[in-house]
1. Hey, does the range 44-62 have a residue that's over 17 Å from ILE108 (Cα atoms), modelled with pLDDT of 80 or more, open to solvent by 10 Å² or more (accessible area, probe 1.4 Å) and not in a loop (DSSP other than H, G, I, E, B)?
2. Have a look at LYS339, LYS364 and point out the one that is at pLDDT 95 or above and open to solvent by 10 Å² or more (accessible area, probe 1.4 Å).
3. Based on what the data block shows, is VAL327 within 29 Å of the chain's Cα centre (by Cα), without any contact (Cβ under 8 Å) to a residue 40 or more places away in the chain and over 30 Å from PHE42 (Cα atoms)?
4. When you look at PRO356, is it surrounded by fewer than 18 Cβ atoms within 10 Å (Cβ to Cβ) and at negative phi, yes or no?
5. How many of the residues making up the range 123-143 are in contact with a Ser or Thr (Cβ under 6 Å, 6 or more places away or on another chain), open to solvent by less than 10 Å² (accessible area, probe 1.4 Å) and under 11 Å from CYS47 (Cα atoms)?
6. Looking at the range 147-266, what strands (runs of 3 or more DSSP E) fall wholly within it and have at least 3 residues that are open to solvent by 20 Å² or more (accessible area, probe 1.4 Å)?
7. Any idea which of LYS147, LYS172, LYS160 is of a type in the set (D, E, K, R), more than 20 Å from the chain's Cα centre (by Cα) and within 22 Å of TYR206 (Cα to Cα)?
8. Before we move on, is LEU102 open to solvent by 10 Å² or more (accessible area, probe 1.4 Å) and closer than 29 Å to THR59 by Cα?
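The values are calculated or read from the model by the stated rules, or taken from the named source; none is laboratory data. This structure is a prediction, so every number in the text was calculated from the model and none was measured. Positions of Cβ are generated from backbone atoms using ideal geometry, with glycine treated the same way; all protein chains shown enter the neighbour counts. We work out accessible area using only protein heavy atoms, side chains counted, and drop any ligands, DNA or RNA first. Shrake-Rupley method; radii C 1.70, N 1.55, O 1.52, S 1.80 Å.
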Amino acid sequence: MRSNTTVAMILAGGRGTRLLDLTKKVAKPAVHFGGKYRIIDFPLSNCANSGIQTVGVLTQYESVLLNSYVARDHNWGLDINDGGVFVLTPRERDQQNFQVYLGTADAITQNMDFIDTMDPEFLLVLSGDHIYKMNYARMIAKHIQMKADATIAVLEVPLKEASRFGIMNCNKNDRIVEFEEKPAHPKSNLASMGIYVFSWKTLRRYLNEDLKNPESNHDFGKDIIPTYLKNGKMLQAYRFDGYWKDVGTIDSLWEANIDLLKKDSGFDLSDPSWKIYTEDGNSLPQYIGPKAVVENCYVTQGSTILGSVKNSVLGTSCEVDEDAKVVDSVIMPGARIGKGAKVTRCIVADDVKVGPGAVVGDAKSDHIELIAKNTD
């Protein structure tokens, strides 16, 4: 039996339907972000930078690409003898037919045997579809300091938006005294980030009890956390004040990409003290043509710009042809913008071709347009 003080489990099995065609054949955590990264790179890099060496990634829907990607644990420096990245998919259980993960807690329950082989003291549960940088070691230290049974990361949100989140109501010491799931009239603005530290022995007992409850949703927010509170367990809030974004919609994915271009967003991928690691391909150097115009952009290696690109993010090996104009847009890896085309406030999906002279997007629209198919 191996022993790791902390094992991280990344929940990466959601359908991501609100990202429309971007997740039609690819799991949400595998969607590209910031030119060359994938969403899953963020929790994996946070684990590596936080000194957490054993990570389980729980995958489910459209997971072929995601499974093969996260299995390359050397990308994040996690290819070590006593740890690494482990891909964990739903399995057929004794006396049962094959089942998908029924909820966030059930996903952990189905993999208790894996966790037990690591014999951890603490279990860190993460989401695989959020964009942020976070030192989990500090959160674990707070958990130990407060002698908590569970510690939940929280983020202050505008009170008028608090009804969209699971809200933690705390006392003056940030001990959680009440949890409300999307309350109509929130009592506080401390929103759960879906990041948990559990003392494993206690959580293991609660998961086994939850498994026997036919009325349970097998979910941390709906079942496990309320049970902890009901039984008087010590739940501690951990306040996070950095950049965090749930990129669950086309608009929010676009917003997070464009935040890279803002000096005051608090989101910097160029900070060498906390790198986000990813698969580093063998793309050619970028090329900026003699008549090209590039203003306030993220341009990734392998891209060729002959036209005009402003306030936009270009992924690996993109092409913007002569007289083409790209404004306030996210161009994903391999996409091609044809001669004279105009792209405004759009996300152009991987390998899509916007044909010569095509006009897509609307500068006056309140929403971002997804271009997921080739245009004429």
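1. yes
2. On the way: LYS364 fails: at pLDDT 95 or above.
It is LYS339.
3. Values: within 29 Å of the chain's Cα centre (by Cα): yes; without any contact (Cβ under 8 Å) to a residue 40 or more places away in the chain: yes; over 30 Å from PHE42 (Cα atoms): no.
No.
4. On the way: surrounded by fewer than 18 Cβ atoms within 10 Å (Cβ to Cβ): yes; at negative phi: yes.
Here the answer is yes, as PRO356 does meet what is asked.
5. Qualifying residue count, the range 123-143: 2.
6. Working: elements: 150-156, 166-170, 176-181, 190-199, 235-239, 244-246.
Counting at least 3 such residues, we get 176-181, 190-199, 244-246.
7. Details: LYS172 fails: within 22 Å of TYR206 (Cα to Cα); LYS160 fails: within 22 Å of TYR206 (Cα to Cα).
Of the residues listed, the single one that is of a type in the set (D, E, K, R), more than 20 Å from the chain's Cα centre (by Cα) and within 22 Å of TYR206 (Cα to Cα) is LYS147.
8. Values: open to solvent by 10 Å² or more (accessible area, probe 1.4 Å): yes; closer than 29 Å to THR59 by Cα: yes.
So LEU102 fits the description; yes.
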